[in-house]
Amino acid sequence: MGRLAQTDGLTEIQRDILATVRDFVDKEIIPVATELEHKDEYPTAIVEGMKQLGLFGLTIPEEYGGLGESLLTYALVVEEIARGWMSVSGIVNTHFIVAHMINAHGTQEQKDYFLPKMAAGEIRGAFSMSEPGLGSDVSAISTKGVKDGEDYVLNGQKMWLTNGGTSTLVAVLCKTAEGGSTPSRNMTTFLIEKTAGFGPNPSVPGLTVPGKIEKMGYKGVDTTELVLQDVRIPANRILGGAPGRGFYQMMDGVEVGRVNVAARACGVARRAFELGISYAQQRSTFGKKIAEHQAIQFKLAEMATKVEAAHQMMVMAARKKDGGERNDLEAGMAKYLASEYCKEVVEDAFRIHGGYGFSKEYEIERLYREAPMLLIGEGTAEIQKMIVGRRLLEEYKLAE
């Protein structure tokens with residue numbers, strides 16, 4: 001292990017967890033990742049291994065059967081997993097977001113019921129906010145939940161669900177009449193248990209997961225739509241027990257999700273750097289290894305600096321959240337910087353590989369197709385800059 005992307009101040013437990021995960025990645029993920037990715041095959045054996053390691057309950061409190069670890073620990077674990085195969089980190093990411101939302105905002109009954117099963121990996125979560133006509137404008141949500149007696153009836157179409165088919169619990173954001181007059185106060189999060197699989201869901205009448213969306217990269221993990229036609233959900237499955245809080249619950253989930261995406265970008269960038277610096281020491285041109293050419297050394301120096309800067313920014317954002325501080329500024333910066341740097345580091349590693357980088361036999365080809373997803377996941381660069389800009393104006397507002 002090189003000196004890049006090291007984290008100061010970790011406990012012995014954190015170091016042990018990371019060492020275990022790193023060993024798992026090196027032995028169980030990296031050797032099979034490219035083959036599974038090319039087949040677009042779900043990594044069942046890898047997921048079972050992560051269940052055995054307790055990774056699905058990493059941040060769930062010990063009282064519910066989890067490990068009770070911090071967001072920082074989780075982010076560093078995700079960085080290691082993404083270094084092996086970014087799609088695998090996506091499998092735990094949405095699960096983590098839903099578990100975080102239930103732990104932070106759920107009723108005691110919801111915590112007692114869901115969290116122990118989520119910690120064991122028996123229930124796996126998915127997060128559903130986006131819609132076909134809804135990009136970054138969450139206020140334009142059109143999926144509706146209408147109260148009918150003791151239940152709510154949900155109708156609409158959701159989009160871009162990671163783990164949409166394989167999950168057994170989906171947190172779905174809907175528009176409801178209760179809560180308030182402003183868009184942010186008339187949204188509600190519903191917790192929908194379902195059977196894993198595609199097509200009409202046998203356990204939830206009216207709920208359909210049409211099938212996997214074909215993607216350029218980020219393969220293996222299933223990304224889906226979710227269609228709701230008169231889906232009846234009891235009121236006790238409203239997250240937190242009361243309508244009108246969904247927007248804030250989802251934004252809290254997205255905030256920790258941005259740290260997660262930053263961590264995934266750090267992992268992919270680090271792997272691209274490893275591949276680039278390794279290949280540069282093997283390939284010869286003009287009578288010497290290409291690593292001895294000054295142009296390649298400059299490129300490696302730039303790549304390493306970006307890997308290090310993104311990692312430290314991600315760590316800072318996670319520690320802010322763990323400390324109970326507002327971290328939307330740091331999370332936005334970390335997600336923006338890490339994803340942009342990831343794209344650049346991957347492209348430089350691709351260039352170092354020359355024509356071989358275009359071959360599917362080389363791992364960098366896969367990374368080149370995976371990096372773009374990180375530019376848009378959990379909010380585009382433009383959204384991050386808007387968040388950061390607004391927060392900076394709050395912090396540096398001139399006295400009137």
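The values are calculated or read from the model by the stated rules, or taken from the named source; none is laboratory data. Predicted model only: the values in this text are computed from it and were never measured. Using ideal geometry, Cβ is built from the backbone for each residue, glycine included, and neighbour counts are taken over all protein chains shown. Calculation scope for accessible area: heavy atoms of the full protein, side chains included, ligands and nucleic acids excluded. Shrake-Rupley method; radii C 1.70, N 1.55, O 1.52, S 1.80 Å.
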The one condition in (1) open to solvent by 20 Å² or more (accessible area, probe 1.4 Å); (2) in contact with a strand residue (DSSP E or B) (Cβ under 7 Å, 6 or more places away or on another chain); (3) more than 23 Å from residue 261 (Cβ to Cβ); (4) among the polar types (S, T, N, Q) that residue 130 fails to fulfil: (3)
Residue match in the stretch 155-166 (condition: over 27 Å from residue 92 (Cα atoms) and touching a residue at least 60 places away in the same chain (Cβ under 8 Å)): yes
Test: residue in the stretch 245-259 that is more than 23 Å from residue 193 (Cβ to Cβ), in a helix (DSSP H, G or I) and open to solvent by less than 10 Å² (accessible area, probe 1.4 Å): yes
From the options 39, 51, 27, residue that is under 24 Å from residue 215 (Cα atoms) and of a type in the set (Lys, Arg): 39
Unmet criterion (only one of (1) open to solvent by less than 30 Å² (accessible area, probe 1.4 Å); (2) aliphatic (A, V, I, L, M); (3) in a helix (DSSP H, G or I)) for residue 60: (3)
Residue under evaluation residue 66, criteria (1) at pLDDT 95 or above; (2) surrounded by fewer than 21 Cβ atoms within 10 Å (Cβ to Cβ); (3) part of a loop (DSSP other than H, G, I, E, B), criterion not met: (2)
Residue that is most open to solvent (accessible area, probe 1.4 Å), among those in the stretch 1-46 that are in contact with a Gly (Cβ under 8 Å, 6 or more places away or on another chain) and β-branched (Val, Ile, Thr): 30
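Mind counting the residues in the stretch 354-380 that are part of a helix (DSSP H, G or I) and open to solvent by 10 Å² or more (accessible area, probe 1.4 Å)?
Total satisfying the criteria: 12.
This table checks each residue for (1) in contact (Cβ under 8 Å) with a residue 40 or more places away in the chain; (2) open to solvent by less than 10 Å² (accessible area, probe 1.4 Å).
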residue	(1), (2)
268	yes, yes
294	no, no
303	yes, yes
309	no, no
313	yes, no
318	yes, yes
Hits in the stretch 133-166 - residues which are closer than 18 Å to residue 378 by Cβ, buried (at least 20 other Cβ atoms within 10 Å of the Cβ) and either aliphatic (A, V, I, L, M) or more than 23 Å from the chain's Cα centre (by Cα) (or both): 141, 161
